2 protein chains.
Amino acid sequence: MVQPVGDPRFEDLTARARIRDAALRLFAERGIDGASIRDIAKAAGVSGGLVRHHFGSKEGLRDACDAYALDRLMRIKEQAVLGGQLANPGFLPATHPTILLLYRYLARGMVDGSKAAASRFDDMVELAEQWLARHEPGHSQDPRAYAAVLVAMQTGLLALHEHLSRALGADILAPEGHLRMSRALVDFYSTPLLSPELAAQAHAAFEQVERLQASQPRNPAGPSAAQGAE
Amino acid sequence: MVQPVGDPRFEDLTARARIRDAALRLFAERGIDGASIRDIAKAAGVSGGLVRHHFGSKEGLRDACDAYALDRLMRIKEQAVLGGQLANPGFLPATHPTILLLYRYLARGMVDGSKAAASRFDDMVELAEQWLARHEPGHSQDPRAYAAVLVAMQTGLLALHEHLSRALGADILAPEGHLRMSRALVDFYSTPLLSPELAAQAHAAFEQVERLQASQPRNPAGPSAAQGAE
DNA sequence: CACCCCGCTATACATACGTATAGTCTGCTG
DNA sequence: CAGCAGACTATACGTATGTATAGCGGGGTG
């Protein structure tokens with residue numbers, strides 16, 4: 001059986017590591033509640049009791065998965081950026097499946113309400129905001145909101161990977177589909193969907209709604225996003 | 001108790017309607033598995049047995065919620081577009097909370113694996129693709145993928161509303177936060193994040209990866225999205 | 001060798017859940 | 001008035017799950 005989570009450090013041939021890897025995968029696939037301890041134990045090839053022996057409880061197992069996912073992502077990023085591994089053409093292809101699985105786990109955790117995933121989301125928003133301030137100053141009137149929307153959209157792609165893959169006819173967690181998605185993503189990031197005129201119209205409409213809210217504060221309001229799909 | 005799902009048609013004062021409304025809300029908040037029939041019955045002020053009496057099973061209740069959510073959305077859209085209600089300044093503020101709840105329910109269903117939500121996603125992709133073909137022909141080299149990414153991103157915002165709201169300090173399902181998000185969204189749609197040079201670089205990199213995949217088909221590959229937050 | 005820590009299994013227990021069924025009350029109809 | 005249909009409740013049942021505990025076996029240490 002292949003270990004998709006990878007990085008077989010010497011300690012990682014233990015049953016504890018197998019349990020954690022299986023949990024990571026099943027949690028990502030079925031959600032926290034959808035993956036039982038018995039299922040995880042079976043996938044790891046151990047008894048259910050051993051899961052409790054090593055991790056104390058399901059919550060403990062989840063915490064361990066959270067910590068491992070974050071640590072793993074940080075190490076890979078360090079290797080890529082500081083270690084100069086980006087120049088190595090084999091590095092990204094080798095680590096990419098692991099990265100995608102880890103992201104998928106964290107994205108699932110955000111929907112299922114994981115504290116680690118939540119703080120991960122906040123970290124990403126913070127990083128995105130800093131990156132925007134450095135590389136695209138003045139890009140948006142509300143950089144915080146812009147960064148948050150950006151991160152939520154990206155994370156949403158992973159959370160909805162099943163449907164996105166179905167619509168594309170290729171798994172976005174596999175090379176082919178991911179490549180197709182990435183290309184559309186670059187298109188999306190590089191060519192504006194709304195003309196300056198339409199954007200100005202939308203902003204004017206928001207102003208109007210805001211004035212309306214101020215005069216009738218009890219009345220809930222807010223137009224739907226200015227976009228054509230709906 | 002106020003009925004946030006609204007549209008109190010004459011039949012909607014019945015216990016059956018109260019159960020369906022409570023289920024819609026609890027399913028959206030906690031997920032399908034997270035909301036038990038007993039919880040829903042309590043929220044609706046009825047016994048658990050009555051839920052089964054009216055809907056047969058939890059699956060049946062979910063199907064009813066799906067059908068109701070889609071029907072409700074279609075009716076509101078019909079009223080807005082065909083009925084000319086968009087000119088009525090009170091229409092959008094009044095229906096908006098309902099729309100958001102319905103979308104949130106459907107977004108949750110997509111993560112939890114609802115067939116109705118899945119087909120809803122596919123419908124939205126289809127609509128977005130048609131809209132793009134009509135209003136922005138030639139906008140993307142792969143309109144299908146572009147439309148799918150667009151819809152997934154939008155839906156992801158709702159699926160991750162909890163974290164987005166926390167990052168913004170305001171509930172995006174309430175007027176104030178939704179307004180702030182909408183503004184960032186318009187910024188996002190109207191001003192390109194990637195310069196043409198960067199986009200060209202990214203596309204060139206994708207070409208390279210594709211050639212690499214073709215020569216080493218067993219090696220999984222694909223760069224992460226060309227974006228600065230990560 | 002004797003001992004014991006530790007990885008590990010097997011099994012038991014309480015709970016919560018979806019489901020099923022029996023029964024009560026109310027309003028309508030003949 | 002008799003009777004029936006349907007809305008509704010109370011309660012029981014089987015199962016799956018998280019949790020807890022008792023016990024087994026092997027390898028290192030005195």
Exercise for the section: Count, please, the residues in segment A:23-77 that happen to be among the acidic types (D, E) and in contact with a Cys (Cβ under 8 Å, 6 or more places away or on another chain). Expected result: 0
Handout entry: Count of segment B:31-56 residues which are near DNA strand C (Cβ under 10 Å from one of its atoms) and within 20 Å of B:L100 (Cβ to Cβ)
Key = 3
Practice task
Just need a number here: residues in segment B:39-51 that are over 10 Å from B:I19 (Cα atoms) and modelled with pLDDT of 95 or more.
Solution key: 1
Exercise for the section: With the condition kept exactly as written, say whether any residue in segment A:44-51 is in a helix (DSSP H, G or I), more than 16 Å from DNA strand D (Cβ to nearest atom) and among the hydrophobic types (A, V, I, L, M, F, W, C). Expected result: no
Exercise for the section: Could you list, in sequence order, all residues of segment B:14-47 that are away from chain A (no Cβ under 14 Å) and loosely packed, with under 15 Cβ neighbours inside 10 Å? Expected result: B:T14, B:R38, B:K42, B:G45, B:S47
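Scan segment B:57-85 for residues that are within 16 Å of DNA strand C (Cβ to nearest atom), without any contact (Cβ under 8 Å) to a residue 12 or more places away in the chain and surrounded by 11 or more Cβ atoms within 10 Å (Cβ to Cβ) and report the count. Spell out the reasoning first.
Initially, segment B:57-85 is screened for residues within 16 Å of DNA strand C (Cβ to nearest atom), giving B:57-66.
Keeping just the survivors that are without any contact (Cβ under 8 Å) to a residue 12 or more places away in the chain gives B:57, B:59-60.
Next, from what is left, pick out any that are surrounded by 11 or more Cβ atoms within 10 Å (Cβ to Cβ): B:57, B:60.
Result for segment B:57-85: 2.
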Handout entry: Enumeration of residues in segment A:159-172 that are surrounded by 22 or more Cβ atoms within 10 Å (Cβ to Cβ), in contact with a helix residue (DSSP H, G or I) (Cβ under 6 Å, 6 or more places away or on another chain) and more than 7 Å from every other protein chain (Cβ to nearest Cβ)
Key = A:I172
Practice task
Could you check, for segment B:100-115, whether at least one of its residues is over 13 Å from the mean Cα position of the chain (by Cα), more than 16 Å from DNA strand D (Cβ to nearest atom), modelled with pLDDT under 95 and assigned to a helix (DSSP H, G or I)?
Solution key: yes
Fill in the blank from the handout: Exactly one of B:A80, B:A133, B:A118, B:A67 is among the small types (G, A, S), part of a helix (DSSP H, G or I) and either within 16 Å of DNA strand D (Cβ to nearest atom) or within 9 Å of chain A (Cβ to nearest Cβ) (or both), and that residue is B:A118
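The values are calculated or read from the model by the stated rules, or taken from the named source; none is laboratory data. Keep in mind that what you see is a predicted model, and the values were worked out from it rather than measured. Here the Cβ is made from the backbone with ideal geometry for all residues, glycine too, and neighbour counts use every protein chain on show.
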